[in-house]
Every structure is written in C-alpha cells, then in structure tokens.
Amino acid sequence: MSIIKVEKLTLVYGQGTSFEKTALNDVSFEIQSGDFVGVIGHTGSGKSTLVQLLNGLLKPTDGKVFLDGKDIWANPKKIRNVRFKVGMVFQYPEYQLFEETVYKDIAFGPKNMGMTEEETDQKVRSAAEFAGLQSDHLYKSPFDLSGGEKRRAAIAGVIAMDPDVLILDEPTAGLDPLGRDVLLSQIRNYHNMRKNTIVLVSHSMEDVARICDKILVMDHGNKKMFDTTENVFLRAEELESIGLRIPQITKIMHMLKQNGVNINANIFTVEQAFNEIINYLGT
C-alpha cells in the first residue's frame, strides 16, 4: 500500500489576478512505504512547492494528497497531525533553530506531541545519535555549532517526532564536500535503520544517485518521470533536454565504453565506478 498518493495535484498562485501563476499542474504519483525518493528539477520546476503540499503546509488549488489512504485535507482542523507524520526539514534548516540549547530545540516537537519527559528525553537522544550529534552538543547553544552541526541539529528536531515520512528540502545546500558526504551518509543510515519513507529534494544529481532508490523529475510544474534511479538516469537525453544532467561519473563510464573498454556504463556513483574498473582490470 502506498503511504503517499497524489492525485491530479494543481496549485495556482494568485488565482484570478494579473499575477496568476501555475506552480504545479495535474501531478499524480504514489510513494510506497519505505521508499527513498529523490526529487529533482531545475529552479522553478515546482520541487519545493510539491513537498510543501505533501505535509499540508500549502493547500492545493485542485487535486488531493492522501496519507495512508486518507485525504490530508478531509478535516482541515486536524492538518497539524499530518505534520507530525510527515516531517519537513527546510532548505537551510538551521534557520529553524530557536531554543537556548540544542536539547531544548530537539525536544520541542516531542513535547508538542504530548510526550512525557521520559519519552521526550529518549526521543531527543535517539534523534541526536541518528543525526550524528555528540552528547556534549545537546547542552550547547545551537548558534555555537558549526554549519554542518546546525544542519544535523535541525534534522534531529524533526527525526525526534519519529515521522512516518521525512522530507528534506536541499539538506546539503551550502555545506562543504566533506560536510555534504557526512550528512548524506547519516541520512542513508537513518533510513536503513528506521525503514521509514524519505523524500529528498536536491539539485545534485550525484547526491540523489548515491542514496535514492527512486527519482521524481519535475519540469515547469509537471511530472516528467518517476522511476527507479537507474531507469531515470538511463534517459540522459531527456534529462538534458529539460536542463538536467546525468552524474559526471556516468558520463565518464559511457566515454570509456565508447572507446572500447568492456565495462558496464550504467554506473551512477564513484564507488560503483571504482568497483567496476577494479573488476575489469582483474579480468
């Protein structure tokens, strides 16, 4: 059974005015429980608008979003409960930090869900561990942390609510390469351990190729593709026609293949390429 189902989702800003703009147009798809889905598209393609509709931060002009088979807007007064089940980490999530200590910041969500102090403490420490924070970080001001640590603290604040679906909107934006790699590894480890559903919005083809199992491609508010990571990147010409590209390592592997090297060119990460070349050299 799908955990999220989107039917003919449309969002029009400024409807009926001279500033009317269609941000999403008749988008439909289903995400299964446990999926790790990457959402890609050029700037203005509707990625961020789409994910904000998935947890009720925005209300569609037309169409429906179903969570566990139920229309999330069937009872608007209970939309807050949807946001506990579909957790959202915004781009530059460190701007979500506001408490005196990291511990209090992470504890904010569980407390608002009505958890006891003991339950909250357990959630805070578990979420901090998942996000890669050390115990001494919990008692620091969030504003004394490094950029990467702030990012992890903000993510831990959402993880602490134990959402069934975790949405991450450009979580690695602004991080250096090492910080990006560490954060992506922690997100993947969290998914492997928790077995929940993750939706990752990213501009980086390399990032989604590395950790996502499926990819949703958006273009000017329309769904262009939704398939496995491998099948999406096999459609390189279509991706390039809408201003996207396949990972650089994939291009290199295709060039080697075209120059007579007998290898599998459908490789999307450096690790996969390394193993493929080692196997080739050993033959």
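The values are calculated or read from the model by the stated rules, or taken from the named source; none is laboratory data. Everything numeric here is computed off the predicted structure, so don't read it as measured data. Note: ideal-geometry Cβ built from the backbone for every residue, glycine included; neighbour counts use all protein chains shown.
Would it be correct to say that Ser204 is out of contact with any Phe, Trp or Tyr (no Cβ under 7 Å at 6 or more places or on another chain), under 19 Å from Pro247 (Cβ atoms), surrounded by fewer than 19 Cβ atoms within 10 Å (Cβ to Cβ) and among the hydroxyl-bearing types (Ser, Thr, Tyr)?
Taking the combined requirement at face value, the residue satisfies it.
Starting from the range 175-193, keep only residues that are free of Cβ contacts under 8 Å to residues at least 12 places away in the same chain and closer than 11 Å to Ile211 by Cβ, then list their pairs with residues that are crowded, with 16+ Cβ neighbours inside 10 Å and among the polar types (S, T, N, Q) whose Cβ atoms are within a distance under 9 Å, requiring at least 6 positions of separation or different chains.
Sorted first by the residue in the range 175-193, then by its partner, the pairs are Asp181/Thr172.
Within the range 62-103, can you find the residues that are in a helix (DSSP H, G or I) and crowded, with 16+ Cβ neighbours inside 10 Å?
Listed by number, the residues that qualify are Val82, Arg83, Phe84, Lys85, Pro93, Glu94, Gln96, Val102, Tyr103.
Every residue in the range 113-142 that is free of Cβ contacts under 8 Å to residues at least 12 places away in the same chain, outside any helix (DSSP H, G or I) and over 25 Å from the mean Cα position of the chain (by Cα), please.
Gly114, Met115, Thr116
Could you grab me the full set of residues in the range 253-283 that are under 21 Å from Asp181 (Cα atoms) and aliphatic (A, V, I, L, M)?
Ile267, Val270, Ala273
If you scan the range 123-137, which residues turn out to be in contact with a helix residue (DSSP H, G or I) (Cβ under 9 Å, 6 or more places away or on another chain) and more than 22 Å from Leu168 (Cβ to Cβ)? Break it down stepwise before answering.
So the first thing to find is which residues in the range 123-137 are in contact with a helix residue (DSSP H, G or I) (Cβ under 9 Å, 6 or more places away or on another chain), and the list is 123-135, 137.
Scanning the range 123-137 gives a single hit, Ser135.
What residue, of Asn264, Asn279, is outside any helix (DSSP H, G or I), more than 25 Å from His42 (Cα to Cα), of a type outside the set (D, E, K, R) and not assigned by TED's automatic domain parsing to the domain that holds Gln32?
None of the others qualify; the one that does is Asn264.
Output yes when any residue across the range 5-26 is crowded, with 16+ Cβ neighbours inside 10 Å and basic (Lys, Arg), and no when none is.
yes
For the range 41-61, how many residues are surrounded by fewer than 16 Cβ atoms within 10 Å (Cβ to Cβ) and farther than 14 Å from Tyr13 by Cα?
Summing the residues that are surrounded by fewer than 16 Cβ atoms within 10 Å (Cβ to Cβ) and farther than 14 Å from Tyr13 by Cα in the range 41-61 gives 2.
Scan the range 48-59 and tell me whether some residue there is assigned to a helix (DSSP H, G or I), in contact with a helix residue (DSSP H, G or I) (Cβ under 8 Å, 6 or more places away or on another chain) and among the hydrophobic types (A, V, I, L, M, F, W, C).
Looking for residues that are assigned to a helix (DSSP H, G or I), in contact with a helix residue (DSSP H, G or I) (Cβ under 8 Å, 6 or more places away or on another chain) and among the hydrophobic types (A, V, I, L, M, F, W, C), one finds none in the range 48-59, hence no.
Exactly one condition in (1) at pLDDT below 95; (2) farther than 23 Å from His191 by Cβ is false for Met88; which is it?
(2)
Is it the case that some residue within the range 171-182 is under 16 Å from the mean Cα position of the chain (by Cα), crowded, with 23+ Cβ neighbours inside 10 Å and assigned by TED's automatic domain parsing to the domain that holds Glu99?
Yes.
State yes or no: is Ser33 closer than 21 Å to Val201 by Cβ and of a type outside the set (A, V, I, L, M, F, W, C)? Walk me through it before giving the result.
Numbers: closer than 21 Å to Val201 by Cβ: yes; of a type outside the set (A, V, I, L, M, F, W, C): yes.
When the stated conditions are applied, Ser33 passes them.
Limited to the range 54-113, what total is found for residues that are of a type in the set (Gly, Ala, Ser) and either farther than 24 Å from Glu149 by Cα or not assigned by TED's automatic domain parsing to the domain that holds Ser33 (or both)?
The total comes to 4.
Go through the range 11-32 and count every residue that is part of a loop (DSSP other than H, G, I, E, B) and either within 23 Å of the chain's Cα centre (by Cα) or at pLDDT 90 or above (or both).
The total comes to 1.
Looking at Leu216, Leu256, Leu239 in this structure, which one is in contact with a Lys or Arg (Cβ under 8 Å, 6 or more places away or on another chain) and outside the structural domain of Val51 (by TED's automatic domain parsing)?
Leu239
Any idea which residue in the range 207-263 is farthest from Glu20 (Cα to Cα), counting only those that are surrounded by fewer than 14 Cβ atoms within 10 Å (Cβ to Cβ) and of a type in the set (Ser, Thr, Tyr)?
Among residues in the range 207-263 that are surrounded by fewer than 14 Cβ atoms within 10 Å (Cβ to Cβ) and of a type in the set (Ser, Thr, Tyr), the one farthest from Glu20 (Cα to Cα) is Thr228.
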